[in-house]
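**Student:** What follows is a structure written as structure tokens; I'll ask about it next.
The values are calculated or read from the model by the stated rules, or taken from the named source; none is laboratory data. Quick caveat: nothing in here was measured; it's all calculated off a predicted structure. Note that we place each Cβ from the backbone using ideal geometry, even for glycine, and neighbour counts take in every protein chain shown.
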Amino acid sequence: MTVLASIRDLAVTHRRDGIEVAALKNVTLDVQAGERLAIIGESGSGKSTLALAIAGLLPKSARIGGSIEWFAPPLGGRDIGFVFQDPSASLDPVMSVSKQIAEVVHTHLGLGWPASRAKARTLLERVRLPDPDSALHAFPHQLSGGQKQRVAIAAAIAAGPKLLIADEATSALDTIVQAEIVALIRRLVTEDGMTLLFISHDIALAAELAERIAVFRHGALVELGTTRQIIDAPSQAYTRTLLDAHIGLDADLLLNRSGLPA
């Protein structure tokens, strides 16, 4: 594979109550173009900080060391799609679904408003939102959590990004809807040839979706390997602990769902 982004000795610190707190500790990692890479770890492991750093969304107060080098034209706003954990926080509560998605299309693709609204409808069909015509005129509070996340995904892919980052995009949803959203993300990434960074605390979900898994703990990258390697033969005790939390986790079943060879 071709390297899309090369991360070298990336360190991020935040100042809290006058104390420097390390969120990432000298992380070195290559992201391959077109791959599905899962970043997993418990809360506070640094996985979301990594996602924000890659997307250029860290707060200005963050102190950053190391580098992120892109082996493609530098990715800008239209080249990185970001799906956050809470769609209610990422969607404007006083703006219709149609307006929110069309605005992304209009801003990044330069289409006129009629064409932007038409593309918004097509995107709602792609994310399989029931009754897309009605949904276009709905406001976020009128939709369920799963429906709102589908709208957020539609907005994230509206400009045709090269990289899609899903940061705990399923953690606020029930188990059935989680599975639907994972399947949706897998389909969209495959259809559009996007690179995927899937951020999650759930190693079972990550194994269903990813080709490689990077395990983070306390801001450090502690293990990296193919999904088969991580599930079958983890080298770190911490990774084994994450696996043990999923009683009955079936590696062959998960890998078959992911489309990877068992």
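**Student:** Among the residues of segment 213-249, count how many are within 22 Å of the chain's Cα centre (by Cα) and of a type in the set (D, E, K, R).
**Tutor:** 3
**Student:** Filter the strands (runs of 3 or more DSSP E) completely within segment 185-241 down to those with at least 2 residues that are over 20 Å from Ala166 (Cβ atoms) and in contact with a helix residue (DSSP H, G or I) (Cβ under 9 Å, 6 or more places away or on another chain).
**Tutor:** 220-226
**Student:** Return the pairs, sorted by first residue and then second, in which the second residue is among the β-branched types (Val, Ile, Thr) and assigned to a helix (DSSP H, G or I), the first residue lies in segment 203-219 and is more than 15 Å from Val31 (Cα to Cα), the beta carbons are less than 7 Å apart, and the residues are 6+ apart or on different chains.
**Tutor:** Note: pairs meeting the criteria are Leu205/Val182; Ala207/Thr227; Ala207/Ile231; Glu208/Val182; Leu209/Val182; Leu209/Ile185.
**Student:** Could you list all residues from segment 108-163 that are surrounded by 22 or more Cβ atoms within 10 Å (Cβ to Cβ) and in contact with a Lys or Arg (Cβ under 6 Å, 6 or more places away or on another chain)?
**Tutor:** Matches in segment 108-163: Val127, Leu129.
**Student:** Sticking with this one: Look at Ile181 and say whether it is without any contact (Cβ under 8 Å) to a residue 40 or more places away in the chain, outside any loop (DSSP other than H, G, I, E, B), of a type in the set (Val, Ile, Thr) and under 24 Å from Asp9 (Cα atoms).
**Tutor:** Considered against the rule, which asks whether it is without any contact (Cβ under 8 Å) to a residue 40 or more places away in the chain, outside any loop (DSSP other than H, G, I, E, B), of a type in the set (Val, Ile, Thr) and under 24 Å from Asp9 (Cα atoms), Ile181 comes out as no.
**Student:** Residues that are surrounded by fewer than 13 Cβ atoms within 10 Å (Cβ to Cβ) and not small (Gly, Ala, Ser): which strands (runs of 3 or more DSSP E) entirely in segment 1-78 hold 1 or more of them?
**Tutor:** Result: 3-16, 19-32, 63-70.
**Student:** Oh, and also: Among all residue pairs at least 6 apart or on different chains, which show Cβ distances below 8 Å where the first residue, located in segment 100-126, is free of Cβ contacts under 8 Å to residues at least 24 places away in the same chain and the second is among the polar types (S, T, N, Q) and in a helix (DSSP H, G or I)?
**Tutor:** Ala102/Ser116; Glu103/Ser116; His106/Ser116; Arg117/Ser98; Arg121/Ser98
**Student:** Tally time: how many residues in segment 29-71 are of a type in the set (Lys, Arg) and within 14 Å of the chain's Cα centre (by Cα)?
**Tutor:** Residues flagged as of a type in the set (Lys, Arg) and within 14 Å of the chain's Cα centre (by Cα) within segment 29-71 amount to 2.
**Student:** Specify the residue that is nearest to Trp70 (Cα to Cα); the eligible residues are those in segment 192-206 that are small (Gly, Ala, Ser) and at pLDDT 90 or above.
**Tutor:** Among residues in segment 192-206 that are small (Gly, Ala, Ser) and at pLDDT 90 or above, the one nearest to Trp70 (Cα to Cα) is Gly193.
**Student:** Just the residues that are part of a loop (DSSP other than H, G, I, E, B) and either under 16 Å from the mean Cα position of the chain (by Cα) or modelled with pLDDT of 95 or more (or both), please, taken from segment 79-94.
**Tutor:** Those that are part of a loop (DSSP other than H, G, I, E, B) and either under 16 Å from the mean Cα position of the chain (by Cα) or modelled with pLDDT of 95 or more (or both): Asp79, Phe84, Gln85, Asp86.
**Student:** Being polar (S, T, N, Q) and over 28 Å from His14 (Cα atoms) is the filter here, so list the residues in segment 213-240 that pass it.
**Tutor:** Thr226, Thr227, Gln229, Ser235
**Student:** Continuing with this model, one more query. State which residue is nearest to Val104 (Cα to Cα) when the search covers only segment 63-76 and only residues that are modelled with pLDDT of 95 or more and among the small types (Gly, Ala, Ser).
**Tutor:** Top of the filtered list is Ser67.
**Student:** Which of the residues that make up segment 17-34 are over 15 Å from Ile7 (Cα atoms), among the hydrophobic types (A, V, I, L, M, F, W, C) and either at pLDDT 95 or above or touching a strand residue (DSSP E or B) at 6+ places or on another chain (Cβ under 7 Å) (or both)?
**Tutor:** Val21, Ala22, Ala23
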